[in-house]
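Worksheet for the structure shown next.
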Amino acid sequence: MTELLEPRAIGRGLVRRDGEAKVRGTATYAYETPVERPAYAFPVQATVARGRVTAVDTSAAEALDGVLAVLTHENAERLASTDDQELAVLQSAEVAFRGQLVGVVVAGTSELARQAADLVRVEYAVEEHDSELVVDHPALYKPEKVNPSFETDTAEGDVAAAMATAHATVEQTYSTAMYHNNPLEPHATTALWDPSAEVPLTVWDSTQGVHPDRAAVCEVFGLGQEQVRVICPYVGGGFGSKGTPHANVMLAVLAARAVPGRPVKLALTRQQMFFLAGYRTPTIQRMQLAADRTGRLQAIAIDVVEQTSRIKEFAEQTGVPTRMMYASPSRRTTHRLAPLDVPVPSWMRAPGECPGMFGPEVALDELAEALGIDPVELRIRNEPAVDPETGKPWSSRHLVECLREGAERFGWADRPPARHREGDWFVGTGVASSVYPTMRMATSEAVVRFENGRYVVEIGAADLGTGAWTVLPQIAADALDVPVDDVEVRIGDTRLPEASVAGGSSGTNTWGSAITVAAREFRAKFGRDPGDGDEVSGSVDQAAMDDTRAAYAFGAQFAEVRVNADTGELRVPRLYGVFAAGRIINPRTARSQLIGGMTMGLSMALHENSVWDPRIGQVANHDLAEYHVTVNADVGDVQAHWLDEHDPYVNAMGSKGIGEIGITGTAAAVVNAVHRATGVRVRDLPVTLDKVLPGLS
Amino acid sequence: MKPFAFARPGSVAEAVRQVAAEPGAVFLGGGTNLVDHLKLGVATPELVVDVRRLTSREISDLPDGGLRLGAATTNSEVAADRRVRERYPVLAQALLAGATGQLRNLATTGGNPLQRTRCVYFQDVTTACNKREPGSGCSAVNGYTRYHAVLGVPSAMPDPTAPETCIATHPSDMAVALAALDAVVHVLGPAGERTIPFGELHRLPGDDPSRDTVLGHGELVTAIDLPPLPDGARSAYRKVRDRASYAFALVSVAAVVAGDSTSERTVRIALGGVAHKPWRAARAEELLRGTPLTEHAVGHAMGVELTTAQPQPGIDGGNGFKIPLATRTVVATLRDLTRET
């Protein structure tokens, strides 16, 4: 048990401290960093999916007045480490995927850099490529671990026997599409290499963590941490794609080192982001469910097939939520990867749980239908007393309460019958559960200092637009027992104490824990009347951690879907979520995160789809006109609610993390509602009108 | 991206002269499509001639009861004009179904119908495209065909290597409405003025997919006339797309129904999203002339209209769904137009 902070600032819906600067346009993002005489870099990308660069002609580019440097694998500096092949930019002639970096131009203006990049002529020895994920791909293999370090396969009991004898079974294959994170702010960097400076490399980068970003740059370029400073006060969204630096960051630094003393700006275009900034692998999920007459699961199994790149493995942990979500005596989860000639997949909002709560939650709906049991009730009947995976007790688990409150708010009991029609529209409702693990990173440090009558808290944390600028002062204020206005928090700079990545919904838990340790230590050391300059640092590893309990946030989502009887057009007038995510630090920013996650889940359900063209090896619809993200007109009444959940086991704030749970389960709720409306069960995302049309006549 | 010269001449005649004199010259209207193409390398002009301040920005009444839309009127202005909304609701609806508010504030009457296909391969200079680079082939065949044509294409499996192959669609919503309205395009070119019936402005790929329209080099659209509709005519635009806003049509329908009695009834139907040009469903219109617009009759007429339709296979399941969707959308649109009668 942890002694929870007495909530005074915590729990208040304070406005974003950075809100005014953003609305006024004075918040500077990485690309906008004011620097003297900036130069501009523009990448050259491979136009073949696999092969070798056999010749490069940079003469036309170099001949342009104002071009400062043209780098290719032939003349770029040798990097200190090429262990991470994604980051080993311009180090070899090999092309491992279409769109891979084969050069960069640095010039005095962005237009000139782009023009010159177009003039770089690259010849290739083309090799046959294989970029298409199929369920029986001959090269499927079992990765050693799945992201970040979960067991690849698990098994208990006898799934096959249960499937053979159970009263009801579901055996279906579900698939999720390839998705690209597409934050509003593109991946952008301003880098300055000044060998004469005390800190020779300064990188203003759009990143989810300045310290992890610096560590990667140091590794690749063989620099000491004291030689590199990374600065990032604001991020225009990341959704995981800025959680680990991608090749663009290394290219920007490489370009900067080629023009010492001259700051270099590099922003990926939206089209380039579809090759270079990570993405979510498509998944194929073979589900098996077996249940007795009352709906109690006898077996649950998920066998996942997904892809990775040949040059770097990323194994999305899609099967992981099936290990803990519901009670069942028999269980199996497996992951297999196809190594393909494709860009490197990576983190995207709720890796694992997002795709992994699609197949199982649709399969449960199919089971409910087969058994004639209400799908809310079916989930309640399979509530496990302890974590099925570890046998540990829950730190807190209120899924049943979320389902019940959601059903009440949504009016589930009075839902219309199947294939209900109102005018030109079929109407259906659906439900699914949500889950996300409560994580805390191992490393983070905070300093609390009394300065000019105020408390200054320093930690190299990141605010992705999510609210760290605002919620960390709330935590610090309560930990110090002072009004929140007396606290100033400084984040986003490697000159500040080391902080973990904003990922895994762990930021507030981790940084808040470190801040709380420092604040309590500060009070213990200096009392309530500190002197100017008094300071204390605290580390997250000094914070209490109860690993005897399984800690997760849970939720339930309810969707109303309307399907046009003539055209199959789909609309979602209502999407309600109820979550149990511990104590909510700031209702304003939390609601924004939750409805943002739910909307992104709706987008996954109906719209998002990186259409892979296996003939050429790239996403065909690689811009935001063709890659559809849900727009305002698609979003009806999206509501996020939460239970007042008390959890004394997770951390001093009692908070569980809310950045990702909103996207989990949403697509299943929508698909289940589409089935209720039309009788059509869509098992491959997205649900588009052509998939429901055959069921309408 | 490539440097280009930029000119802002003082008169329409001078603009036409400048473009006619330079084979690599283009007109710039609202720029909502051309500027994208400049960045992408899809368009590589030597000279860009800005005509935004030259052609008329007026919407004026014509003596016959029609309306003249100056080429520089914006999509927003035309959609908001009371006369357009009352007399040509199909056009106002089509305009508001297109793009976004910001784009409509820039896009012009002269430019909108001349926007180019959003075929993903046309827009990606690293792939083969006969429209962008004649003779290079067509990457869309067997590729991502969801937004591609089913009408006006030679077969269900065109030869992707043939120089004439193109299965692109025309993306404009406005153009579909103008086709149904039998609009007339005023053009000024090096050889003087001429008018073109809107239905003849756009062309099928034929043997030269690089040409979207019949306009010659240096010909500038100066105005578009909307002829009056018969008294009591009703019109509507229905756009079916993958999201509720800011998406191109999978199928769209512009329809005009006129005539007081069934025997006098005439129907005009134009389809978007299905062909290289706005597609007037002439055979269906003929079959429906003077008949009750029952779902059966409309479905039958559309079935005849679509007998030549060719579903295109593709990496995302192909576009065969457009054929039943077109019929269903026409049925629904005509049903809505005649609901109260």
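Miscellaneous remarks
- Among B:74, B:294, B:145, residue whose mean-square fluctuation peaks in a GNM of chain B (springs only between Cα atoms under 10 Å): B:294
- Converting phi to 3J(HN,Hα) with the Karplus coefficients 6.51, -1.76 and 1.60 and the offset θ = phi - 60°, region A:38-45 yields x, 9, 10, 10, 9, x, 10, 10 Hz in sequence order, with x at every glycine or proline.
- Relative contact order %, region A:441-542, counting alpha carbon pairs below 8 Å whose residues are six or more apart: 41 percent
- Using only side-chain charges placed at the Cβ, +1 for Lys and Arg and -1 for Asp and Glu, the dipole size of chain B relative to its Cα centre rounds to 720 debye.
- Per-residue Cβ neighbour rank within 10 angstrom, fewest leading, A:40, A:179: A:40, A:179
- Neighbour counts of other Cβ atoms within 10 Å put A:515, A:284 in the fewest-to-most order A:284, A:515.
- Percent RCO, i.e. relative contact order, over chain A, from Cα pairs under 8 Å lying at least 6 residues apart: 17 percent
- A straight line joining the Cα centroids of region A:298-347 and region A:131-149 runs 8 Å.
- Cβ-Cβ FRET estimate between residue B:5 and residue A:644, R0 fixed at 45 Å, reported to 0.05: 0.10
- For chain A, the 222 nm mean residue ellipticity estimated from helices alone, with every DSSP H stretch of n ≥ 4 adding -39500 (n - 2.57) and the total spread over all residues, rounds to -7000 deg cm²/dmol.
- Restricting attention to chain A, close to 75% of DSSP beta bridges with both partner residues there are antiparallel.
- Footprinting exposure proxy ranking of A:600, A:439, fewest other C-beta atoms within 10 angstrom first, gives A:439, A:600.
- Each peptide in A:161-174, A:138-151, A:555-568 was scored by the mean count of other Cβ atoms within 10 Å over its residues; highest first, the order is A:555-568, A:161-174, A:138-151.
- Long-range amide H partners of residue A:609 with built H, under 5 Å: A:628
- Estimated vicinal HN-Hα couplings, Hz - region A:431-439 in sequence order (Karplus 6.51, -1.76, 1.60; Gly, Pro = x): 9, 7, 8, 10, 7, 7, x, 8, 10
- P(r) tail fraction, region B:60-177 - alpha-carbon pairs more than 18 Å apart, %: 58 percent
- In a reduced charge model with +1 at each Lys and Arg Cβ and -1 at each Asp and Glu Cβ, the protein assembly as shown shows a dipole moment near 1880 debye about its Cα centre.
- Whole-angstrom gap from region A:157-229 to region B:96-138, using each part's C-alpha centre: 34 Å
- 5 angstrom amide H check on residue A:335, placed H, neighbours 5+ away: A:304
- Converting phi to 3J(HN,Hα) with the Karplus coefficients 6.51, -1.76 and 1.60 and the offset θ = phi - 60°, region B:137-144 yields x, 10, 6, 6, 4, 6, x, 8 Hz in sequence order, with x at every glycine or proline.
- Taking amide H as placed 1.01 Å from N in the peptide plane, the amide H of residue A:643 sits under 5 Å from that of A:579, A:580, A:581, each at least 5 places away or on another chain.
- Stretch gain in nm, segment residue A:60-residue A:414, where the contour uses 0.36 nm per residue and the Cα spacing is subtracted: 120.4 nm
- Nearest-0.05 FRET efficiency for residue B:297 and residue B:208, computed from C-beta distance (R0 35 Å): 0.40
- Taking the average, over residues, of other Cβ atoms within 10 Å as the packing measure, peptides A:218-225, A:83-90 rank A:83-90, A:218-225 from highest down.
- For region A:56-114 versus region A:499-530, the inter-centroid distance based on Cα atoms is 43 Å.
Bear in mind these aren't lab numbers, they're just calculated from the coordinates by the rules spelled out. Note that the structure is predicted; figures quoted are calculated from it, not measured. Glycine gets a Cβ as well: all are built from the backbone with ideal geometry, and neighbour counts include every protein chain shown.
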